[in-house]
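First the structure, in the form of structure tokens, and then the observations on it.
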Amino acid sequence: MKPIDAVILSAGLGTRMKSKRIKVLHPIGGRPMILHLLDRIKPVSIERIILVLGRQNEKVKEVVMKDFPEAQFVYQEKQLGTGHALAQAEKLFVNQDKTILVLNGDTPFISHETLLSLIRNHQEKSATLSLLTAGLEHPEGYGRIIRDRRGKIQKIVEERDATPLQRKIAEVNTGIYLMNSRFAFKALKEFSSKNVQDEIYLTDIVASAVKNKKAVETVHVGQPEEVMGINNRVDLSSAEALLRKRAAEKWMKAGVTLIDPHHTYIEEGVIIGKDTVIYPGVYIKKGSRIGEECTLHSNVIISNSRIQNSVLIKEFCVITDSILEEAVVIGPFAHLRPGSIIRKKAHIGNFVEIKKTEIGEESKANHLSYLGDSVIGKRVNIGAGTITCNYDGVGKHQTVIGDDVFVGSDTQFIAPVTVESGSVIGAGSTIVENIPKESLSLSRAPQIIKKGWVSRKKIKIKKER
Ligand code: UD1
Ligand code: CA
């Protein structure tokens, strides 16, 4: 068996996306398109992964290198077509007799099973060229497969070069091929750009192989969705819908209730426990782990966070890089910024923002608070409107609150400050100094009462008139 190298054509300008962003970097389910493709070819035993990039696509290299440092890159200076793109890889195949798996960077959902069956068939039949084809209900935009009367493949005709009769053909080119390297690079030298797009088409390789009496094989893909090419934003939304559907089905089969799977967004790289119930509009982004028997109400966005069992998250919460322990209750409208750790059975209510803060077991911050850079003990009650003033314009400072502290409403903590356990803070206080344990602390101005002040004022005004 000849070793296989993959060459991924990704130098195209992606004009139809009408975007400043390079086409293969458009995310699908939060992950750049090109990485989806690389994820899927990884399980196939490939020797080298080579990407053909345009000079303007340097960013693609950066993104790919992070997850696939073994990838290699060649450059296509001018986008003269897919055949010209593959020709740029020739220098990596000098004096080599290899099988090349050619893929388009904008066709990210090919399964490794399909790739394996294409490879197996190619090897069994000792083919020089194999291509993966698909029967599509809507073949518009794809190259059509032209066969002779006996069903033998003759050539590929691009849609724009096709006759009305050829356009009726439902069998299309998926852009995924296996080819012998010596044959391919020799053949490519003879291609012309005499076509509607003035491009050197890789698709001409079929006619070339047929002309040179080389063995050409085709394999039909069972699931056409695998070979969906993403050329514009409409295709992009279909790709999103496909991933969404796959994720929803996977989690429902694993015992998660999705009230409306069409409007639930679960990225790859997420784990969700059984009997968790998810309402419409929830986004669970990569790196998140959700436990069993949790309830996530509508419009909750969770990124890279760990949510333990039996957590209740009410509507409109944003939770990022945080940990929520068992039986915690959050929201509605809570914002948990990076570094929030909410210990067991704690409650965080509406319009509470938390950052780099640990909230101890069974503590409560139920209304309108900002708690940043703090460590808060167990069974603490944080009254409505409590603010940790953690920033003095220069640096960030810490607030430490011990167990069983009662913080009255509208308290400000001027950090750094420590409140020892069991203390009580009167409402409306500004806490500047540390409070020893089990003390009462208040910092309100004394209240003044002037009896009858209102009626005296009214009489005075009347007289003046
Ligand atoms: C291509 C095929 C078509 C097939 C379809 C499958 C050709 C001529 N047509 O059409 O038969 O049905 O894919 O999705 O091959 N690229 C370069 N350099 C270039 C031009 C393109 O690297 O100069 C790359 C693009 O980045 C893209 C891939 O090649 O990833 C395919 O190019 P694209 O323009 O999308 O081709 P299609 O019109 O989709
Ligand atoms: Ca395409």
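Helix 112-124 sits at what angle to the longest principal axis of the chain, using alpha carbons and giving 0 to 90 degrees rounded to 10? So the helix axis and the longest Cα principal axis differ by about 20 degrees. Entry for the chain at q = 0.11, 0.13 Å⁻¹: log10 I(q)/I(0) = -0.90, -1.08, Debye formula applied to identical alpha-carbon scatterers, no solvent contribution.
Between the stretch 1-67 and the stretch 221-252, the alpha-carbon centres lie 17 Å apart.
3J(HN,Hα) along the stretch 73-80, derived from phi through the Karplus expression 6.51 cos²θ - 1.76 cosθ + 1.60 where θ = phi - 60°, amounts to 10, 10, 10, 10, 5, 10, 7, 9 Hz, with x in place of Gly and Pro. Once the gyration tensor of the Cα atoms in the stretch 380-431 is diagonalised, the equivalent ellipsoid follows with semi-axes of 19, 13, 7 Å, ordered largest first.
Most tightly packed first, judged by the mean number of other beta-carbon atoms within 10 Å of their residues, the peptides 115-126, 344-355 read 344-355, 115-126. Charging the Cβ of each Asp and Glu at -1 and of each Lys and Arg at +1, and nothing else, the dipole of the chain about its Cα centre rounds to 1480 debye.
Could you order the peptides 24-32, 334-342 from most to least packed, using the average number of other C-beta atoms within 10 Å per residue?
Highest-to-lowest ranking by the protection proxy: 334-342, 24-32.
For Lys125, the lysines whose Cα comes closer than 21 Å to its Cα, not counting residues fewer than 8 places off in the same chain, are Lys2, Lys98, Lys152, Lys155, Lys211, Lys213, Lys214.
For the chain, give the share of DSSP beta bridges that are antiparallel, in percent and rounded to the nearest 5; count only bridges with both residues there.
Values: 18 of 99 bridges.
For the chain, the DSSP antiparallel bridge percentage is about 20.
Phi angles of the stretch 86-101 translate, via the Karplus equation with coefficients 6.51, -1.76, 1.60 and θ = phi - 60°, into HN-Hα couplings of 5, 4, 5, 8, 3, 4, 8, 10, 4, 6, 10, 10, 10, 9, 10, 9 Hz per residue; Gly and Pro are given as x.
Rg of the Cα atoms in the stretch 310-465, relative to 2.2 N^0.38 Å, amounts to 1.28. Residue ranges 97-106, 181-190 sort as 97-106, 181-190 when ordered by packing (mean number of other C-beta atoms within 10 Å per residue, highest first). Full extension of the segment from Leu242 to Glu292, taken as 0.36 nm per residue of separation minus the current Cα-Cα distance, would add 15.4 nm.
Reported to the nearest whole Å, the Cα centre-to-centre distance from the stretch 150-192 to the stretch 369-434 is 71.
Taking the inverse of the mean reciprocal distance over all distinct Cα pairs, the Kirkwood hydrodynamic radius of the stretch 20-121 comes to 14.5 Å.
Relative contact order, whole percent, for the chain stands at 8, derived from Cα pairs under 8 Å and 6 or more residues apart.
Every number here is computed from the coordinates shown, using simple stated rules; none is lab data. What you are looking at is a predicted structure, and each value in this text was computed from that prediction instead of being measured. Please note: Cβ atoms are built from the backbone with ideal geometry, for glycine as well, and neighbour counts cover all protein chains shown.
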